[in-house]
Each structure stands twice: as C-alpha cells, then as structure tokens.
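K.L.:
First the structure, then my questions, so here it is.
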Amino acid sequence: MARNSETDELVPPDRTLLGPGPSDAHPRVLKAMATPFVGYLDDYYVEVMDDVQELLRMLFCTDNEYTFAVSGTGSAAMETAFANLVEPGETVLVPSNGYFGDRMGQIAERAGGEVVTVDAPWGEPLDPDDVAAAFDRHEPTVFGFVHGETSTGARQTQIPELARIAHDHDAYVIADTVASLGGVEFRTDEWGVDVVYSGSQKCLSAPPGSSPITFNDRAVQKVHDREEPVRSWYLDLEGVWEYWGAERNYHHTGPTATTYALREALRMVEEEGLEDRWARHRRVAGALKAGVEAMGVPLNVDDDHWLPTLNPVQVPDGVDDGRVIDRLMDEHGIEIVGGLGALSGDIFRVGCMGNSARPENITHFIAAFGSILAEEGADVDSDAGAVAAARALEE
Ligand SMILES: *Cc1c(COP(=O)(O)O)cnc(C)c1O
C-alpha cells in the first residue's frame, strides 16, 4: 500500500479512472474538500446548501423546489426515491434488462411494494409498447427506469413517451440518472419525469457521498398523502426537508466535505455549460468508440441507444478479459472493468465520465488497449484504432 515511508500518510497511486465510476476528481474539487468545516447550521453552510440547490436545478433542467443532495451515494438516492414514493402494497414496475433496474426492484420490495417487471434484452432500452402492455396488465402506481444502465451501456430513449404512458395511468415515474446526469442530455421538466436521482462520483467527478435528487410537486404531494410513515427514518423526505427546506432545522449533520466538493463540481458544470458538457462527452467518447471499432472490436450496443458515458466493448475471441483488465491497471494505471451478470466475460466496460472524459485519456487508453489486445493474441489492428481515435478528436 502506498504510504509516505516517514510520515505514514496515504499517497494514493496515480490512476486514470475509466471504469463505471468513480471518475477522476478535478483538483478544484479536491481543494474544496480540504477547506475548513463549519457547523451544519452555520449561515455560511446554509448559503453553500442554497448554492448547491440552485446549481442542481440547472443540472436537472428543473424548477422543482424539492431539489437537494442526499447524504449518501447513488444507492441512497435510489432508496430515497422508492422509499418515499412507494407505499406498502403498491405495485411497482421496474426493468429487468440490467443490474441497476434489478436493484430498483430490491429496494421497492423493501419499501413494501409488489414488484413487477418489464423486460428487454440486456444491452437494449425498454420499448414503450412493452411498457404500455405492462401498465395495462399490472396497473402499477410507480414506474422506475434507468437512463444510463451502467451494466450494459444502454441508454434509455423515448423518455417523454414512457412518462406519458405512466401518467395516462395516474402513475409516478422515477428515473435513475446516476451514470448519465451531467454527461448525457436529460431534461426533467420537459420530459415529465416525477422523481430523478443521480450520483456525485460519475459524470460530476465529485467524491461519492452527496447524491442529487429532485421531486416535482405531484410526487411531493404523494409523499405528504402517505397513510403509513416512510419506513426509513434517515431518508424520509419530510424529515430531510426540515433541513434542506426553508426551515433549516437539524435533521442529520450535513456532510460538509462532500457538499463543498459537490458545489465546486457543479460550478464547473455551470462554467462549461451543460449542453457543451453533453457535447464534450459525445465527442470524447465518440473518439473512444471510433478507436475500438477501427481496431476491429465493436461496441455491444446499437448506435441509436449508445451511452457515451459507459462503453461496452466486446471481448475479442480467444482473449481473457481479466488479464487485459489487470494489465491495463498494472502497466498503465488505467481502470476499466468487465461485464456483469449475463454479459460477464463478453464485454469490457469503459467509462468516459466527467473529468475523465478528456482527449488525452482516450488517446492513452486506445494505445494501451490496442497493444495489450494484440499481445494477448487478438486479431486487432491497433494502429488503425489510434489513427481513428486521433482523427475523431480533431473534429
Ligand atoms: C453507480 C450506479 C448506481 C449506484 O450508485 P452508488 O453510488 O454505487 O451507490 C445506481 N445506478 C446506476 C445506473 C449506477 O451506475
């Protein structure tokens, strides 16, 4: 383990984080974390919370009042959404085409929901016709979907259609944007999604631990009208809102360091411009995609639902994926990961998120990946990959 041999202080190794998260934190974000802490109700901290909420509304493309950061990682935000919206005995519709859709189901069940699923092949988004059929059959009151399914690299498209189907049935829609918000277009209000949550360590490149979430008025009303209290004390929206709402009363201690860091990360989104940031992810990940394809290893996803922030690269025949992943780490300090579940052994998952989505990272990755694959016996043209990636980055 890397430590300073005299002081025993931690000296983390130099990594390029191109996995499904975390991504590389920007030095400005790290610096914000090292500034002095104040009390959780200090006027100064309250102003920081105000800033975070205003910046989150920009990020979510929403005017929702109930917009804040959950003290916890993306899964805590997921649990906040389902624990509040689902009452015991309600039917909850979730996707079964990926790992995080499955987690939604597990969480909804803990909240007392009766879980039903809508399927699509792993690597493809939900088809609105299948969602409509599932609504007619099960009449769920809550429907969750995953915008960027990190386990497969599929991007959910046709979101306004999905929301319309749910609303025609008087149901509520929850979107998981943990691996996409701030990297890929998502418009909460315009697309009609009732509750949207995300994470801090993926496309925002902040530390894990302060997770964006937003509830529209209709969803907040459902929470107010609950017959039974939310089963989680910590994540109960009405309790949390004592702190994040106008009252600013103690509910739990605000996580100072991650809140400072989130504010700085969000300021960087604002400076870059949200739409320019989406375009950067498309351009930089587009070079990654062009590079691997020119090498002869295609993505395991169709172009029309490609998710720039998470690229599922097919493992070439005869290659041991684990060896390639280990060699990238050992020889180049580059982190990528393998497939999960049904796609285990079939794909590499290469992230391109936030501060990791930089041209020099892609150039480095394509060169290292191409030469390792060739050495491992794959039939790839690594030079063609490097040329194609470089050309794409010039565009
Ligand atoms: C990472 C991820 C989560 C879980 O977030 P954690 O920060 O690991 O708790 C949920 N959904 C998606 C799509 C993710 O990529």
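K.L.:
Please list the radius of gyration and Dmax for segment 27-270, considering alpha-carbon atoms only, with Å as the unit.
P.N.:
Taking only Cα atoms of segment 27-270, I get Rg and Dmax of 17.3, 55 Å.
K.L.:
Which order do you get for Glu394, Glu228 if you rank them by accessible area with a 1.4 Å probe, largest at the top?
P.N.:
From most accessible down to least: Glu394, Glu228.
K.L.:
In angstroms, what radius of gyration and Dmax does segment 214-367 have, counting Cα atoms only?
P.N.:
21.3, 61
K.L.:
Right, next: So if I place +1 on the C-beta of Lys and Arg and -1 on the C-beta of Asp and Glu, and nothing else carries charge, what would the dipole magnitude of segment 210-352 be about its Cα centre? I want it in debye, nearest 20.
P.N.:
For segment 210-352, the charge dipole is close to 240 debye.
K.L.:
Amide H of Ala120: which non-local residues (sequence gap of 5 or more, or other chain) have their own amide H closer than 5 Å, using H built in the peptide plane?
P.N.:
Placed amide hydrogens put Ser96, Asn97 under 5 Å from Ala120.
K.L.:
Can I ask one more? Around Gly377, with a cut-off of 12 angstrom between Cβ atoms, what is the net charge of the other residues, counting Lys and Arg +1 and Asp and Glu -1?
P.N.:
After counting each charged neighbour, the total is -4.
K.L.:
Please build a GNM for the chain, connecting alpha carbons under 10 Å apart, and tell me which residue among Arg282, Arg349, Arg231 fluctuates the most.
P.N.:
Arg231
K.L.:
Mind checking which helices in the chain clear 18 Å along their axis (Cα) and have mean Kyte-Doolittle hydropathy of -0.5 or more, DSSP H runs only?
P.N.:
43-60, 256-272, 274-295, 359-375, 382-394
K.L.:
Another question, if that's okay. Taking the chain as a Gaussian network, where each spring joins two C-alpha atoms under 10 Å apart, which residue of Ala374, Ala175, Ala108 fluctuates the most?
P.N.:
With Cα springs under 10 Å in the chain, the top fluctuation among Ala374, Ala175, Ala108 is at Ala374.
K.L.:
While we're looking at this one, here's another question. Pulled fully out, how much extra length does the chain show between Asp320 and Glu238, if you take 0.36 nm times their separation in residues and subtract their Cα-Cα distance?
P.N.:
24.5 nm
K.L.:
Quick one: which residues, 5 or more positions from Thr16 or on another chain, have an amide H under 5 Å from its amide H? H modelled 1.01 Å from N in the peptide plane, none for Pro or chain starts.
P.N.:
Sorted by chain and number, the residues that satisfy this are Ile334, Glu335.
K.L.:
Here is a follow-up. In deg cm²/dmol and to the nearest 500, what is the mean residue ellipticity at 222 nm of the chain if only DSSP H runs of at least 4 residues count, each as -39500 (n - 2.57), divided by the residue total?
P.N.:
That calculation yields -13500 deg cm²/dmol at 222 nm.
K.L.:
Can you work out the FRET efficiency for the pair Ala342 and Ala246, with r the C-beta to C-beta distance and R0 = 41 Å, to the nearest 0.05?
P.N.:
Efficiency computed from Cβ-Cβ geometry: 0.30.
K.L.:
Could I ask something else about it? Between His147, His281, His138, find the one with the highest GNM mean-square fluctuation for the chain; connect C-alpha pairs within less than 10 Å.
P.N.:
In this elastic network of the chain, the residue with the biggest mean-square fluctuation among His147, His281, His138 is His138.
K.L.:
Under 19 Å from the 7 Å Cα→Cβ point of Asp304, by amide nitrogen: which residues of segment 175-209?
P.N.:
Answer for segment 175-209: 185.
K.L.:
On to the next question. Using a 1.4 angstrom probe on the protein heavy atoms only, line up Thr259, Thr117 by accessible area, largest first.
P.N.:
The residues order as Thr117, Thr259, largest area first.
The values are calculated or read from the model by the stated rules, or taken from the named source; none is laboratory data. Computed from a predicted structure; not experimentally measured. As a convention, Cβ positions derive from the backbone with ideal geometry for all residues, glycine included, and neighbour counts pool all protein chains shown. Note: accessible area is taken over every heavy atom of the protein model, side chains too, but ligands, DNA and RNA are not part of it. Shrake-Rupley method; radii C 1.70, N 1.55, O 1.52, S 1.80 Å.
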